[in-house]
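Enquirer: Here it is: the structure, laid out below.
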Amino acid sequence: MLIRRAGYDCADPVILSNASSDQKQGYSEKGLEAIIARCSDGKTYLVASPPPRRRWRAEAGPAPPEPVVVPVQ
């Protein structure tokens, strides 16, 4: 899970929900798709990751951007 790889604790199960339109737009401009992940321990994170690999073509240019994980209050 991206949250754990970023060094944060996140207990299962995780509930995913839509990020705000401003969050989506801001990360979309960076080539990332943003969602909100709420862990069962109550911690919440904005997770922005590149679209699924099938939408990235090797000949299309640079590698996909790195995922971003940000704690949300």
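The values are calculated or read from the model by the stated rules, or taken from the named source; none is laboratory data. Here the structure is a predicted model, which is why all the values come from computation and not from measurement. Cβ atoms come from the backbone with ideal geometry, glycine included; neighbour counts cover every protein chain shown. The accessibility values were calculated without ligands, DNA or RNA, using every heavy atom of the protein model including side chains. Shrake-Rupley method; radii C 1.70, N 1.55, O 1.52, S 1.80 Å.
Enquirer: Taking region 6-21, which residues are open to solvent by 100 Å² or more (accessible area, probe 1.4 Å) and modelled with pLDDT of 95 or more?
Expert: Across region 6-21, the qualifying residues are I15, L16, N18.
Enquirer: So which residues in region 1-34 are more than 16 Å from P51 (Cβ to Cβ), assigned to a strand (DSSP E or B) and not polar (S, T, N, Q), if there are any at all?
Expert: Of everything in region 1-34, those that are more than 16 Å from P51 (Cβ to Cβ), assigned to a strand (DSSP E or B) and not polar (S, T, N, Q) turn out to be V14, I15.
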